[in-house]
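Colleague: A single structure is presented below for examination.
Read the figures in this text as sums done on the coordinates, not as results from a lab. Model, not experiment: these values are computed from the prediction. Cβ placement follows ideal geometry from the backbone for every residue including glycine, while neighbour counts extend to all protein chains displayed.
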Amino acid sequence: MKPEEVLDFIKKSGRPLSFREISESFGLKASERKKLKRMLKELLSQGKILRNRKGLYLTIKEAKLITGFFEAHKNGFGFVIPDSPKETDIFIPPHATMGAMHGDRVVARVEQRKKREGRIVRILERATRRVVGIVEKSGPIFYIQPRKKNINQQIVIASGDIKVNPGSLVLAEIVTYQAVNKPLVAKILKVFEKPKTPKEDIEILTYEYELPKKFSKEVSNFSEELSLKGISKKQFKNRVDLRELPTVTIDGENAKDFDDAVSIKKIRNGFILWVHIADVSHYIKWNSTIDGEARHRGTSVYLPDRVIPMLPPELSENLCSLLPKIPRLTFTVEMHFSNSGERKESLFYPSIIQTAERMTYTSVKKILIDKDKEEIKRYKPLVPYFEKMAELCEILKNKRKKRGSLDFDLPEPEVLLDIKGDPHAIIKAERNLAHFIIEEFMIAANEAVAEFLYSNNIPSLYRVHEEPETNKIQYITRIVKNLGILKQDLKPSDFHEFIEIIKGTPYEEIVNYLILRSLKQARYSSENVGHFGLASECYTHFTSPIRRYPDLVVHRILKEFLQKGKITKERQKELKEILPHIAIHSSRMERRADEVERDAIQIMRVWFMKDKVGEEFEGRVTMVTPEGLRVRLEEYYIEGFLHLSHMIDDFYQFDEKRYCLIGLKKKRKFTIGTKLNVRVSKVSLEEREIIFDLL
């Protein structure tokens, strides 16, 4: 008897079942019933079944409930993001959260179908175990004010654990999750000194998000042993030797983990493109100790002053990394394209490569765009290959655009650090032709792998992205109509054309950000529902197994099929059982990484601006709220808030229909994209906020 057999029985029964009914149906003896209890408990914790008030077991589907993750808002409400990509998000009002915290895995019931509003009925798994915050005192009670804005619950310090003064910054562990409307109880684990540098502030942030500090001794020793052994000729067996093929990596200046390398050849009817990916699956086997660690971490986390890797540096920066002029084991996707960019053939095989150079985006741009004579001379043998790459990139990009892929090309903030690790500038990270080349080639490889697995009915992980919801589209439509950019209502199918229309206009960047914010977050799923943003019917992640666990899983599945020629029914059943859990956990870890990366950049922003109080800057409105304006500075890639109380030249009111603030006397209007001058009024390191005055 296995858990999946018990689940199948409950599903097929079509009605709630008692423990006794389940036990008797399997013919269990009294001594075997403990095992059944454990299995039912496991299925309950996974959110696959539910126990009703009568103590009967039924499936979540049968109870018309939905499992997913809770996204909390600072104002108390939130949304449940369903596990199934076929379900739409559920709005949860403040009174219906059941005390769920941001990131918790929950079970929800939809109570108003038209509004898609619901209530949380069960919390399956808590995401927040530890909090960082300031100790405050109210009468005899000490409590913690969390630094995270989306933690709405009151957290009191356990009696007998009060050894700190009010105002102290602490790390605390939640020991009791109380019933609704009652405070959480926590014990203090660590008292931090007030951070004196951004580096110290980011160190505290790693505690706040419970990021792993070190690898276990067993994992570190295993990685060191593998790295010392290196690659032997025995490992070349059953691999296609591509060491003579001119191959390069193209990455950022500071990159250390090189997942991917590319080669290209122009043929009479088109191109052959080779995308070589580090063969991490050769070293890390299913369910090994190091696999468990990688699965738990889910992804590498990239912060301005450090990297928290998914794999130990001995692997991520050495043995698995595609370092220049050194033989490396890879998994190659060989694609044959016509001159119009149609993929005619795809081949997948283990290989061995040796890259000719470790190129940077800057160097390739100098060669292709700037026509830099010194750079061209330095890399002369490779220049024709870069030119062919640029040619194929343009063809693939145009083909992708024609099918409706969304091409935002939005800048990312880049923090430039001085030798002490302090920020000396925060700029828009450059994106040039070299970035686009690698992006297009990786998209092509990911699609080729996904289509192959899907067409062969092989259980796998997919990278899915659903269409935006109606209310989000209506919100964007209202804004762009008020800006005079558009007259008719937007539909999801119009997004691509609209993005092209606003290119080169003053509104381009800000409206693109608005559209991006309105889209659902891409995630991992064992169900293929396509990728809206890429206008792709079938997409996965295959190209970064050093830093993303789902890619490593897809490598293993593809390799297993290629080696055996099939996936047995028993193996398919196993994969169908574990892949949904991997997808859910990996999506969760990716969300955590995104959040901590955003917060780390915000920390760098406030430290950079702390000495600029009183200085004046030009800016542009990026968001309008009833409380005020979000303003991005022109000189630095930094945003701050301009509160209504700091707009003293008039009395401003929020016009919801026109999505703007209007002065009652002077009729001065502020909407998205409006240019204005501001003065830095306040910079709070504790709140991580930059506050402006209107000039």
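Colleague: What value in Å³ per residue do you get for the convex hull of the alpha-carbon atoms in the stretch 130-192?
Modeller: So the per-residue Cα hull volume is 83 Å³.
Colleague: Work out how much length LYS564 to GLU497 would gain on full extension: take 0.36 nm times their residue separation and subtract the Cα-Cα distance, in nm to one decimal.
Modeller: Between LYS564 and GLU497, full extension yields 19.6 nm more.
Colleague: Taking 0.36 nm per residue of separation and subtracting the Cα-Cα distance, what length does fully extending SER684 through PHE26 add?
Modeller: That pair, SER684 and PHE26, stretches by 230.6 nm at full extension.
Colleague: Could you work out the equivalent-ellipsoid semi-axes for the stretch 610-694, taking the square root of 5 times each eigenvalue of the Cα gyration tensor, largest first, in whole Å?
Modeller: Rounded to whole Å, the semi-axes are 22, 13, 12.
Colleague: What is the packing order of peptides 442-454, 329-341, taking the mean over residues of other C-beta atoms within 10 Å and listing the highest first?
Modeller: Highest-to-lowest ranking by the protection proxy: 442-454, 329-341.
Colleague: Averaging sequence separations of C-alpha pairs under 8 Å and six or more residues apart, then dividing by the length of the chain, give the relative contact order as a whole percent.
Modeller: Relative contact order, the chain: 9 percent.
Colleague: Longer than 23 Å from Cα to Cα, which of LYS148/LYS420; LYS397/LYS481; LYS266/LYS399; LYS520/LYS576; LYS266/LYS344; LYS64/LYS182 are they? Say none if no pair is.
Modeller: Flagged as over cut-off: LYS148/LYS420; LYS397/LYS481; LYS520/LYS576; LYS64/LYS182.
Colleague: Over the stretch 538-672, what per residue volume does the convex hull of the Cα atoms give, in whole Å³?
Modeller: Convex hull of Cα atoms, per residue: 182 Å³.
Colleague: Could you pull the Rg and Dmax for the stretch 1-46, using just the Cα atoms, both in Å?
Modeller: Radius of gyration, then largest Cα-Cα span, for the stretch 1-46: 9.9, 28 Å.
Colleague: Using helices alone, what [θ] at 222 nm do you get for the chain, with -39,500 (n - 2.57) per DSSP H run of 4 or more residues, divided over all residues and rounded to the nearest 500?
Modeller: Using -39500 (n - 2.57) per qualifying helix, the result is -9500 deg cm²/dmol.
Colleague: Could you sort out which of LYS37/LYS573; LYS503/LYS657; LYS190/LYS214; LYS256/LYS371; LYS74/LYS682 sit more than 29 Å apart by Cα distance in this structure?
Modeller: none
Colleague: Once you charge only the Cβ atoms, +1 for Lys and Arg and -1 for Asp and Glu, what is the size of the charge dipole of the chain about its Cα centre, to the nearest 20 debye?
Modeller: Roughly 2340 debye, rounded to the nearest 20.
Colleague: Going out from 0 in 5 Å bins, what whole percent of all Cα-Cα distances in the stretch 66-125 drops into each bin?
Modeller: P(r) for the stretch 66-125, in whole percents per bin: 4, 24, 36, 25, 9, 1.
Colleague: Here is a follow-up. Of LYS149/LYS612; LYS12/LYS48; LYS11/LYS48; LYS11/LYS41, which sit over 19 Å apart, Cα to Cα?
Modeller: LYS149/LYS612
Colleague: Can you give me the Cα centroid spacing of the stretch 487-509 and the stretch 267-295 in angstrom?
Modeller: 37
Colleague: Which listed residue (SER13, GLY27, LEU124) has the Cα farthest towards the positive end of the charge dipole for the chain, taking +1 on Lys and Arg C-beta and -1 on Asp and Glu C-beta about the Cα centre?
Modeller: GLY27
Colleague: With the dipole of the chain worked out from charges on the C-beta (+1 for Lys and Arg, -1 for Asp and Glu) around the Cα centre, which of LEU40, ILE174, SER405 lies farthest toward the positive end?
Modeller: LEU40
Colleague: For a Förster distance of 51 Å, can you work out the FRET efficiency between the beta-carbons of LYS34 and LYS667, rounded to the nearest 0.05?
Modeller: 0.10
Colleague: Further question on the same structure: Rg (Å, one decimal) plus Dmax (Å, integer) for the alpha carbons of the chain?
Modeller: Rg and Dmax of the chain, Cα atoms, are 27.2, 84 Å.
Colleague: Over what distance in Å are the Cα centres of the stretch 393-424 and the stretch 305-322 separated?
Modeller: 23
Colleague: Quick check on packing: order 6-16, 128-138, 65-75, 535-545 by the mean number of other C-beta atoms within 10 Å, highest mean leading.
Modeller: Going by the mean number of other Cβ atoms within 10 Å, highest first, we get 535-545, 65-75, 128-138, 6-16.
Colleague: Okay, next question. Less than 16 Å from a label point 7 Å out along the Cα-to-Cβ axis of GLU173: which backbone N atoms in the stretch 110-127 qualify, by residue?
Modeller: Zone members listed by number: 126-127.
Colleague: Oh, and also: Under 17 Å from a label point 7 Å along Cα→Cβ of PHE19: give me every residue in the stretch 43-67 with its amide N that close.
Modeller: Only 43-45, 49-58 pass the distance filter.
Colleague: Still on this structure, please answer the following. How far, in nm, would the chain grow between ARG51 and LEU417 when pulled straight, counting 0.36 nm per residue and subtracting the alpha carbon separation?
Modeller: 126.3 nm
Colleague: Return the distance in nm (one decimal) between the two label points of a simple spin-label model at VAL529 and GLU203, each offset 7 Å from Cα along Cα→Cβ.
Modeller: 4.3
Colleague: Still on this structure: Describe numerically, in nm with one decimal, the distance between label points set 7 Å from Cα along Cα→Cβ at ASP489 and at ASN287.
Modeller: 5.3
Colleague: How high is the FRET efficiency from LYS214 to VAL191, r the C-beta distance, R0 25 Å, rounded to 0.05?
Modeller: It comes out at approximately 0.70.
Colleague: Can you list the lysines whose alpha carbon sits under 22 Å from that of LYS373, skipping same-chain ones fewer than 8 residues off?
Modeller: Excluding near neighbours in sequence, the set is LYS365, LYS388.
Colleague: Assuming R0 = 56 Å, what is the FRET efficiency of LYS325 and ARG403, from their Cβ-Cβ distance, to the nearest 0.05?
Modeller: 0.90
Colleague: Picking from GLY640, LEU661, GLY619, whose Cα lies most toward the positive end of the charge dipole for the stretch 563-679 (charges on Cβ: Lys, Arg +1; Asp, Glu -1)?
Modeller: Value: LEU661.
Colleague: Now a separate question. When each pair of different Cα atoms in the stretch 1-128 is counted once in the 1/r mean, what is the Kirkwood radius in angstroms, to one decimal?
Modeller: Computed over Cα pairs of the stretch 1-128, the Kirkwood hydrodynamic radius comes out at 15.5 Å.
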